[in-house]
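The block underneath contains the structure these notes are about, expressed in structure tokens.
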Amino acid sequence: MRHTLAACVLALLPLSAVQADPVVVELFTSQGCSSCPPADALLGELSRNEDVIALALHVDYWDYIGWPDTFAQPAFGKRQKGYARAAGSTVVYTPHMVVGGTDHVAGAKPMQVMEQIAAHTERAPAMRMTVASGPNGITIRAEADNPIDPPARIMLVTYTPSQTVDITSGENAGKSVTYTHVVTDWIALERFDGARPLTVTLPPAPEPPARRVVLAQGENYGPYLATLRID
């Protein structure tokens, strides 16, 4: 019997875990990279599972080879370079997945990604974040049982769930590719040291179909300490 990629990926995801927070999977990708469509498709399959926050960050450093990526932002290439430095490397490439802020996968490798996701779901979170609606809008409350040193960075990420692009030049010329969880904005909100609870008021929600998540990450591209879906 032939199994689809979706069936294989979802079957491999953990059924239960110590940690309730979803695991962040970041994909650094480019519309102009011929090796990227399989990884783009894998991210789409991962995004169907509630245990995963899938985020596609499109980089612009391949634009010169014939197709400017319509989603790319220089900040995403800078973020990828930060991950490379944290891992003791100077090399960036696509496709490149980062799981939980610490584990790296080159290319589309479902088994390796699943193993890493499973490992992260078994780790208890270092802090907690909750969301509430009030007269001034949506607020996020961060708490921790112990100090966080160095402080965590709390970030708000906005993404588009799905968008199809017809690519007419470059390495993927002639292809129509559907991209999922395309990040459109990534902003820093606050730093959190765990000494006392912190409440942050979020900016107004974007127009649908845009969605948002709040992420708390260790300093210098460290592990994710808490994750929270908002919209």
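If I take every Cα pair under 8 Å that is 6 or more residues apart in the chain, average their sequence separation and divide by the length, what percent do I get for the relative contact order? Spell out each step's value before the answer.
On the way: 505 pairs, mean separation 52.8, N = 231.
Worked out over the chain, it gives 23 percent.
Assuming R0 = 35 Å, can you tell me the calculated FRET efficiency for the pair ALA124 and VAL91, based on Cβ-Cβ distance, to the nearest 0.05? It would help to have the intermediate numbers written out before the result.
On the way: r = 33 Å, r/R0 = 0.93.
According to the calculation, E is roughly 0.60.
Around ALA118, what is the net charge, scoring Lys/Arg as +1 and Asp/Glu as -1 over all other residues with Cβ under 15 Å from its Cβ?
Residues close to ALA118 contribute a combined charge of -4.
Go ahead and run the numbers for FRET between ILE65 and GLU143, Cβ-Cβ distance against an R0 of 45 Å, rounding to 0.05. Please report the intermediate quantities before stating the final value.
Values: r = 47 Å, r/R0 = 1.05.
With a Förster radius of 45 Å, E is 0.45.
Accessible area, 1.4 Å probe, largest first: how do TYR64, TYR179 sort?
On the way: TYR64 170, TYR179 5 Å².
Solvent-accessible surface, decreasing: TYR64, TYR179.
Classify segment 90-211 as rounded, prolate or oblate from the Cα gyration tensor: take a ≥ b ≥ c as the square roots of its eigenvalues, call it rounded if a/c is under 1.5, otherwise prolate when a/b beats b/c and oblate if not.
Values: a/c = 2.58, a/b = 1.44, b/c = 1.79.
It comes out oblate by the Cα gyration axes.
Evaluate 2.2 N^0.38 Å with N set to the residue count of segment 95-145, then give the Cα radius of gyration divided by it. Write down the numbers at each step before the final one.
Working: Rg = 16.1 Å, N = 51, 2.2 N^0.38 = 9.8 Å.
Working it through for segment 95-145, the quotient is 1.64.
Shape verdict for segment 118-161, please, from the Cα gyration tensor: rounded (a/c under 1.5), prolate (a/b greater than b/c) or oblate.
Values: a/c = 2.00, a/b = 1.33, b/c = 1.50.
Oblate, because a/c is 1.5 or more while a/b does not exceed b/c.
What residue among GLY66, GLY44, GLY174 shows peak mean-square fluctuation when the chain is described by a Gaussian network model with Cα springs under 10 Å?
Answer for the Gaussian network model of the chain: GLY174.
Note down the accessible area of ASP60, probe 1.4 Å, to the nearest 10 Å².
60
Where in the chain is the longest stretch that carries no trypsin sites (Lys or Arg not before Pro) classed as loop by DSSP and with at most 14 other Cβ atoms within 10 Å?
49-174
Rounded to two decimals, what is Rg over Rh for segment 167-218 when you use alpha-carbon atoms and the Kirkwood radius? It would help to have the intermediate numbers written out before the result.
Numbers: Rg = 17.7 Å, Rh = 15.1 Å.
With Rh from the inverse mean 1/r over Cα pairs, Rg/Rh is 1.18.
For the chain, what is the mean residue ellipticity at 222 nm derived from helices alone (per DSSP H run of n ≥ 4: -39500 (n - 2.57); sum divided by total residues; nearest 500 deg cm²/dmol)? Let's see the in-between values first.
Working: 4 runs with 43 residues, N = 231.
The helix contribution divided over the chain gives -5500 deg cm²/dmol.
Which FRET efficiency value, to the nearest 0.05, is calculated for ALA132 and ILE187 with the Förster distance at 22 angstrom and r the Cβ-Cβ distance?
Numbers: r = 20 Å, r/R0 = 0.91.
Computed FRET efficiency for ALA132 and ILE187: 0.65.
Work out Dmax and Rg for the chain from the C-alpha atoms and quote the Rg first, both in angstrom.
17.6, 55
Given H placed 1.01 Å from N in the peptide plane, which residues other than close sequence neighbours of GLU190 have an amide H under 5 Å from its amide H?
Result for GLU190 returns ILE154.
The values are calculated or read from the model by the stated rules, or taken from the named source; none is laboratory data. Everything quoted here is computed from the prediction, not taken from an experiment. A quick note on method: Cβ atoms are made from the backbone with ideal geometry, for glycine too, and the neighbour counts reach across all protein chains shown. Please note that ligands, DNA and RNA were not included when accessible areas were found on the heavy atoms of the full protein model with its side chains. Shrake-Rupley method; radii C 1.70, N 1.55, O 1.52, S 1.80 Å.
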